Amino acid sequence: MNGLAQDVRYAVRSLRSRPLLVMVTVAVLALGIGASTAVFSVVDAVLLRPLPFAAPDRLLMVWMGLPEQNQPYIAVSYSFVEMLRKRSRSLAAVAAMPETNSEFTLAGAEPARVNGRLVTGNFFEVLGASARFGRTFTESEDTIGAPRVVVISHGLWQRQFGGDPALVGRTLAVDGTPMTVIGVMPVDFRYPPGAELWTPVVPMIPQEVANPAVNWAVVVARMAEGSSIARVRAELDQSQAAFVQEQKIPGPIPRSVLTPLAEHLFGPARPVLLVMMLAVLLVLLVACANVAALLLARAGARQREIAVRLALGASRARLARQLLAESALVATAGGLAGAGLAVWTLQALIALVPADVPRLADAAIDLRVLAFALALTFVSSLLAGLVPALLASKPELTEALGSGARTAGPGRHGRLRALLVASEVAVAVVLLAGAGLLVRTFQNLRHVDLGFDPRHVLAFEVSGMHEDSTASKRHQLTRALLERIGGMPGVEAAAAALMGPLSGHVGWDWPYRADDQSEDEARHNPPLNLQVVTPEFFPTMKVPLRRGRTFTDRDTKATPHVVVVSQALARRHWPGQDPVGKRVQVPATTPPYAPIWLTIVGVVGESRYRDLQAVWLDLYLPHLQSENQLRHMVVRTRGNPSALAAALRQAVRAVDPDLMLAGVTTMDTALDTARGGARFGMQLLSGFALTALALAALGTYGVLAFMVAGRTREIGVRMALGARAADVLRLMLGQGLRPVALGLAVGVAGSLALGRALSTLLFGVAPHDALTMAGAAAVLAAAAAVACYFPARRAARLDPAAALRRE
């Protein structure tokens, strides 16, 4: 113990003589450990913790898709769900639900709007989830005419009902319909994301359930014991083909799309978080390599001191222990500082991560994460101290004492330092290239042609509409709302639509047939993006009219059925022709999508109203020829659209006191949200890349600076023998940039691999984009050249006589 205490005291004195080195190494380790701990906390909470379901690895999301026609996800009909239940042998159980949450109004002194999901009666059974209080549904409750029941989330139970255990068995008015609360779910059950209320689907939408041509559902299935995704896919493809033929459903036969539930749940956040974890681990490796290189360079500069101590009788083990004590002190200080930095970094990360990432609120620095931080500190200590200590304690004693020189040039130490610098440079290039790809993706998303003008537009959903009202009453309500809103001060135009903006792959995807196609040819058409709108939609969104006309209030059920199509659809079927007057058919079994021909009266520009990253084949129907209720509205204002939110609520309530506004947002905000994943990845990877760049430059500078200090006598001799300052400068720059060149070559190769890993996150840029790779290498090369220049210039300015006297 006395020897250990002595080693520690000596280490403290030694480190106090090099305060800059200590501060740099502690800061580097703290940065790496703090960032790693914070990122691990987020990844652990979101991705690593098990889902609150029984055997979650056997749960799948089942869709249909036509990927070759840019339709990767297509919902299925309830008839298809029933077919799976009867025929599938590879699926043990099958449940279904609509693609998105619905909003429900809970009656009370203060009516509350709650997001919920319609589900089949076996939904919770398939997931293997039980209620905390009460029970979940039975399949008999998911039938037409069954008593209406509801299950609520733990959060809603606490927030709206004060955690009253007597709530189970009580009747609530949900959207004006009495429903009995039969269960409260556990606190960790939050599926689907955002849903706080669940009720059986069949009693809510019996018409959609009964129609085999209406695709509205997604399937949650549990694989049978011993089954596999490949087996399920093969079986479903065969079943789907037979189902399409039996039901005589028009359009191409889609293929099954199977996604593990965990992968679907975390969606785009999953690759971003995994890349983030990889990036921060690479930064930690750079930090450790940096510290190791600095300590190794310092150990190399202390060879003469070590040789003298060995000559005086000190053992090699004792010297290694003392050098390790120094590095352990530095690593411990870095670990403690990193643990503190992790708390702040975690808060910053949570603010950056898109809010819709599931389980993000659960992220916290807990004992497991602290243990991870301690493990990182231990590993960092080994990397930063043990290897340099062992190497530095074995100098060539005669050479060190005989020459009286401090040599930090080529040799064991020099080669290891060069390898560490090369590794830092390689990692920095990889991260810079990845950040460059995401920066270009974000810029492409910002400047993509939307096909409409998002400025001064407010979007919202009107909830509380009575679904059992007639089509005529729904049309009257929509018209009354638009007239009331359109007459408000500051409103330029208002319109209603079936689907809200930027709904992504969620939409109304329908088969169709052009008038010059046979039924067999029509089977190869990709699905349409079907949208029902009021006449004001196109001028409100400023979607340009290319040919013909848009809708008017004279387009009613009493007049011929008409449609407006996008340029993409017109170009696909009538290139070089005037599409106005041509016809399309949208086959289904209920109005207005019966197998009747719809006449094209206008062509509008391609719009990214539904999906920011894709152009769909859009077909617009006039709302007066449709029986759909248009819940989504867009309002163009003359000033700041957010300022009208409160007045809009009053205007809507004035039309019908039961109506409420939901999802009120400006179109600019909606676009920012749609770009959120790209922005998050760009900001985070850019931050890590800049950190790695700074660390690599710092490491290169520090190693070369120590090398110059250690070769003072050699440089003095060279200059005394006639070497010019330019020769010394060239020599030092060459030795400093040689490992940088190696790191650049390795880094560019690694960048290609990272580009492939990021491919699902990119838009408008190739994963192997040469310009981005070259730019990353050029930035790193420039930073390394600057880092090498200053020590090299100091070496070139040495006075030979003074250098030799100092030695």
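Quick notes on this structure:
- Residue list for segment 158-193, restricted to those being closer than 21 Å to residue 45 by Cβ and open to solvent by 50 Å² or more (accessible area, probe 1.4 Å): 158, 187, 188, 190, 193
- Pairing residues of segment 721-746 that are over 14 Å from residue 418 (Cα atoms) with residues that are outside any helix (DSSP H, G or I) and not basic (Lys, Arg), at Cβ distances under 9 Å and at least 6 apart in sequence or on separate chains, gives 725/798; 728/798; 731/723.
- Within segment 194-240, being at pLDDT 90 or above and part of a strand (DSSP E or B) holds for 197, 198, 199, 200, 219, 220, 221, 222, 223.
- Note on segment 737-765: among residues that are among the hydrophobic types (A, V, I, L, M, F, W, C) and open to solvent by less than 40 Å² (accessible area, probe 1.4 Å), the one that is nearest to residue 290 (Cα to Cα) is 740.
- Filtered by the rule that a residue be of a type in the set (Phe, Trp, Tyr), more than 27 Å from residue 238 (Cβ to Cβ) and modelled with pLDDT of 90 or more, segment 78-128 gives a lone residue, 124.
- Test: residue in segment 215-232 that is within 28 Å of residue 462 (Cα to Cα) and among the basic types (Lys, Arg): no
- Selection count, segment 420-473, where residues are surrounded by fewer than 19 Cβ atoms within 10 Å (Cβ to Cβ), among the β-branched types (Val, Ile, Thr) and modelled with pLDDT under 90: 1
Here's the yes/no breakdown for (1) modelled with pLDDT of 80 or more; (2) part of a helix (DSSP H, G or I); (3) open to solvent by 60 Å² or more (accessible area, probe 1.4 Å):
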site: 718; (1), (2), (3): no, yes, yes
site: 726; (1), (2), (3): yes, yes, no
site: 735; (1), (2), (3): no, yes, no
site: 780; (1), (2), (3): yes, yes, no
site: 784; (1), (2), (3): yes, yes, no
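- Flag for residue 580 being part of a loop (DSSP other than H, G, I, E, B), open to solvent by 10 Å² or more (accessible area, probe 1.4 Å), more than 30 Å from residue 648 (Cα to Cα) and β-branched (Val, Ile, Thr): yes
Yes or no, residue by residue, for (1) open to solvent by less than 60 Å² (accessible area, probe 1.4 Å); (2) modelled with pLDDT of 90 or more; (3) in a loop (DSSP other than H, G, I, E, B); (4) out of contact with any Phe, Trp or Tyr (no Cβ under 8 Å at 6 or more places or on another chain):
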{"position": "603", "(1), (2), (3), (4)": "yes, yes, no, yes"}
{"position": "612", "(1), (2), (3), (4)": "yes, no, yes, yes"}
{"position": "616", "(1), (2), (3), (4)": "yes, no, yes, yes"}
{"position": "620", "(1), (2), (3), (4)": "yes, yes, no, no"}
{"position": "629", "(1), (2), (3), (4)": "yes, no, yes, yes"}
{"position": "636", "(1), (2), (3), (4)": "yes, yes, no, yes"}
{"position": "658", "(1), (2), (3), (4)": "no, no, yes, yes"}
{"position": "669", "(1), (2), (3), (4)": "no, no, no, yes"}
{"position": "683", "(1), (2), (3), (4)": "no, no, no, yes"}
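- Some residue of segment 638-655 being on the phi < 0 side of the Ramachandran plot, of a type in the set (S, T, N, Q), open to solvent by less than 40 Å² (accessible area, probe 1.4 Å) and in a loop (DSSP other than H, G, I, E, B): no
- Wholly enclosed strands (runs of 3 or more DSSP E) of segment 38-154 bearing at least 1 residues of a type in the set (Lys, Arg): 112-119
- Restricting 496, 514 to residues that are within 18 Å of residue 636 (Cβ to Cβ) and either more than 31 Å from the chain's Cα centre (by Cα) or small (Gly, Ala, Ser) (or both) narrows the list to 496.
- Residue check, residue 35 modelled with pLDDT of 70 or more, in contact with a helix residue (DSSP H, G or I) (Cβ under 6 Å, 6 or more places away or on another chain) and farther than 30 Å from residue 124 by Cα: yes
- Any hit, segment 484-507, residues being part of a loop (DSSP other than H, G, I, E, B), among the hydroxyl-bearing types (Ser, Thr, Tyr), touching a residue at least 24 places away in the same chain (Cβ under 8 Å) and open to solvent by less than 10 Å² (accessible area, probe 1.4 Å): no
- Residue within segment 257-264 that is modelled with pLDDT under 75 and either crowded, with 20+ Cβ neighbours inside 10 Å or touching a Phe, Trp or Tyr at 6+ places or on another chain (Cβ under 6 Å) (or both) present: no
The values are calculated or read from the model by the stated rules, or taken from the named source; none is laboratory data. All figures in this text were calculated on a predicted structure; none of them were measured in a lab. Cβ atoms come from the backbone with ideal geometry, glycine included; neighbour counts cover every protein chain shown. Just so you know, the surface numbers come from the protein's heavy atoms only, side chains and all, with ligands and any DNA or RNA stripped out. Shrake-Rupley method; radii C 1.70, N 1.55, O 1.52, S 1.80 Å.
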